[in-house]
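The values are calculated or read from the model by the stated rules, or taken from the named source; none is laboratory data. Just so it is clear, the structure is predicted and the values come from calculations on it, not from any experiment. Cβ atoms come from the backbone with ideal geometry, glycine included; neighbour counts cover every protein chain shown.
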Amino acid sequence: MYEAIGLLSSVLFVLCLGGLTDQIKRIFKERRAGNTHATVALSLNQFLSSFFSFYGFFLYSFLLEEIDLFLFFTRFGACVLTAFIIYMIALERSKQTFYNSILGLLFSVVVASAAYYYRLDFAPVMKGVTQLMLVGLTCLLLQGGVHQITLIRQKASVGVLSFPMTLLFCLKDIANILFGIVIGIENGWPLILMGSVSGAVKATILYHFYWVKHRATIHVPAS
């Protein structure tokens, strides 16, 4: 069971990279159609919180005594794709937001480089640090998700937000909950907590795809 759930979680995360790619394609498609505000319904907060979630696991992957190569490369890929989405969203926001976002991303590169250099010093305390990190990332994901939901309701539109991406991340969260249960509550509670909160947020966003469509149908004037 442990191996099967672990494999399912890994496969779903690889598919999530495809979901992030789909999000990028949707933004480019709107831009090519002449829409200069393609990302107006996308929450910068949500993608920043997702970036730091991937980034946290990316750091964790090489702060172990032995580098977890799968975790390293998949989270690195997710960081790059999410950083590019953040860049495209920030381009349509104020100059201050753009510069702050870019500086934050550059700072994260500096921190990652320093963490890798001193990684052997961190290895003995990684279990406690990881649990604390997962709780912190859970709070970030909740805040980002709530902001995305609020934005959808304000705009009454999901804009170019990718349904496949949102669905895949929701399924990945469910797999993380199952993986945490299989590991055992004592060691798996951070995964269960993070998966439950993130999964609930993603499920709510998925509902809002229906909500927007249903609302538009109600407001269509009779011919």
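Before moving on, here are some points about what is shown:
- Pairs are defined by a Cβ separation below 7 Å, a sequence spacing of at least 6 or placement on different chains, a first member in the range 209-223 that is under 21 Å from Met165 (Cβ atoms), and a second member that is at pLDDT 55 or above; the pairs so defined are Phe209/Val158; Phe209/Phe163; Val212/Ile152; Val212/Ala156; Val212/Ser157; Val212/Val158.
- Residues satisfying the stated conditions in the range 16-56, i.e. under 17 Å from Leu71 (Cα atoms) and surrounded by fewer than 15 Cβ atoms within 10 Å (Cβ to Cβ): Gly18
- Tally of residues being among the small types (Gly, Ala, Ser) and either modelled with pLDDT of 90 or more or buried (at least 19 other Cβ atoms within 10 Å of the Cβ) (or both) across the range 165-189: 2
- The lone exception for Ile152 - which of (1) outside any helix (DSSP H, G or I); (2) hydrophobic (A, V, I, L, M, F, W, C); (3) in contact with a His (Cβ under 7 Å, 6 or more places away or on another chain) it fails: (1)
Condition check ((1) in contact (Cβ under 8 Å) with a residue 12 or more places away in the chain; (2) within 22 Å of Ala114 (Cα to Cα); (3) out of contact with any Leu (no Cβ under 8 Å at 6 or more places or on another chain)) across all residues:
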{"position": "Leu20", "(1), (2), (3)": "yes, no, no"}
{"position": "Gln23", "(1), (2), (3)": "yes, no, no"}
{"position": "Glu30", "(1), (2), (3)": "yes, no, yes"}
{"position": "Asn35", "(1), (2), (3)": "no, no, yes"}
{"position": "Phe62", "(1), (2), (3)": "yes, yes, yes"}
{"position": "Ala90", "(1), (2), (3)": "yes, no, no"}
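- Checking Asp68 against (1) in contact with a Ser or Thr (Cβ under 7 Å, 6 or more places away or on another chain); (2) under 24 Å from Ser196 (Cα atoms); (3) modelled with pLDDT under 90; (4) surrounded by fewer than 18 Cβ atoms within 10 Å (Cβ to Cβ), the condition it does not meet: (2)
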